[in-house]
Structure formats: structure tokens, C-alpha cells
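What follows is calculated from the coordinates using simple rules that are stated; it is not laboratory data. All values derive from a computational prediction rather than experimental measurement. Don't worry about glycine lacking a Cβ; one is built from the backbone with ideal geometry, like all the others, and counts go over all protein chains shown.
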Amino acid sequence: MAEVLFYHLERAALEDVLPGLLEKTRERGWKALVRAASDDRVAALDSHLWTYREESFLPHAQSRDPHPKEQPILLTSAPGNPNEAEVLFLVDGAATDDWAGGEVAAAARVVLIFDGRDPAALDAAREQWKQAKASGHDVTYWQQAATGRWEKRA
């Protein structure tokens, strides 16, 4: 079973949070697959990861780029796990339909990041929580404190 972490954004945007989580993933030697809900969002995240901080570099590519299997961080809007990532990030409403198998079963960790200021995103995250829990995964919920640090709430 995968470890599933739900990150509830309230004080920061995805662009502020995702690079740090990807850095921590790479520090552990894991590959990451970031799935967004659309190709336009994938392109925007791709641009952001090249420029988010001058002193940092996150090697990454989009799934349409050559050699996706070799990429340490792969951005996509499609299902599957072409870079055989240990960590699957689901962002901007991207979800999985199969919490019991497939890409989730192959992952060590699934990170679902959702905007808590968007009622539809909140409802979708609640549904994903129920499905992940029902499939027997170790599910935790993280929320940003006023200090900006993440606090485990469930």
C-alpha cells in the first residue's frame, strides 16, 4: 500500500509549494511524476520549475519530451507512470480512478495537493480521501499553519 498525503493549500499557491516538495523527493533519491489536469497547466508548471528560484535547479521534462523514462521529474496530464516514479503528485484537480491498483500500487507515495479555497477542489479531495482510505492506504492530511509550515491534522 502507498503512503498517501493530502496537502490542503490555504495560504500559498501550488507554485509556491510544489518546488519544495519536489526538492525533498529528489533528496531521497526518488523519481517524481507530477500529473496536472490539463496540458496547458503542465506547460505552465514546466516554465515555473525552470525559474522558481535562481539558486536552485530541478531537472525535469514533460511527458511529450524525449526519453520520459529517464526523467527524475516528469510532468504530464495523462495516466500512467512513464518514468517509473516512486512518488505520484496529483495537482490542480488531477486524480486517479484506481486507488487499489495500477500507478498507485506501484508508487511508494502519492501526494494530492488541492486548493482549499476552491469548493469544487475541496469536494474532489474529500472524495479522493474516501477512495484512498477504502483501498487500505495509509492516508494523512496536512494543512498550512499561519507560519506557513505544514501541520499534520489527520
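Full-extension gain between Arg126 and Glu15, please, as 0.36 nm times their residue separation minus the C-alpha to C-alpha distance.
Extra length from Arg126 to Glu15 when fully extended: 37.8 nm.
Spin-label point model (7 Å from Cα, Cβ direction): what's the Ala37 to Lys152 distance in nm?
3.0
For Phe57, Phe114, Phe6, what's the fewest-to-most ordering of other Cβ within 10 Å of each Cβ?
Neighbour counts put them in this order, fewest first: Phe57, Phe6, Phe114.
Quick query: amide H of Ala2 versus all other amide H atoms, modeled in the peptide plane; which residues come in under 5 Å with a sequence gap of 5 or more or a different chain?
Hits under the 5 Å cutoff: Asp138.
I'm spelling it out carefully: the read-out is volume of the Cα convex hull per residue in Å³, the candidates are [x] 98; [y] 152; [z] 109, and one was derived from this structure. Which label?
Step by step, volume of the Cα convex hull per residue in Å³ for this structure corresponds to label [z].
Among all the lysines, which ones have a C-alpha under 21 Å from Lys31's C-alpha, if same-chain residues fewer than 8 places away are not counted?
Answer for Lys31, where 21 Å is the Cα cut-off: Lys69, listed by chain and number.
Label points 7 Å out from Cα along the Cβ direction at Gln143 and Ala108: separation in nm?
Roughly 3.0 nm, to one decimal.
Using helices alone, I'd like the mean residue ellipticity at 222 nm for the chain: each DSSP H run of four-plus residues gives -39500 (n - 2.57), total over residue count, nearest 500.
Counting only the DSSP helices, I get -9500 deg cm²/dmol.
Name the GluC sites (Glu not before Pro) in the range 36-102 that are in a loop by DSSP and that have at most 15 other C-beta atoms within 10 Å, would you?
Of the GluC sites (Glu not before Pro), the ones in loops of the range 36-102 whose Cβ has at most 15 other Cβ atoms within 10 Å are Glu54, Glu55, Glu84.
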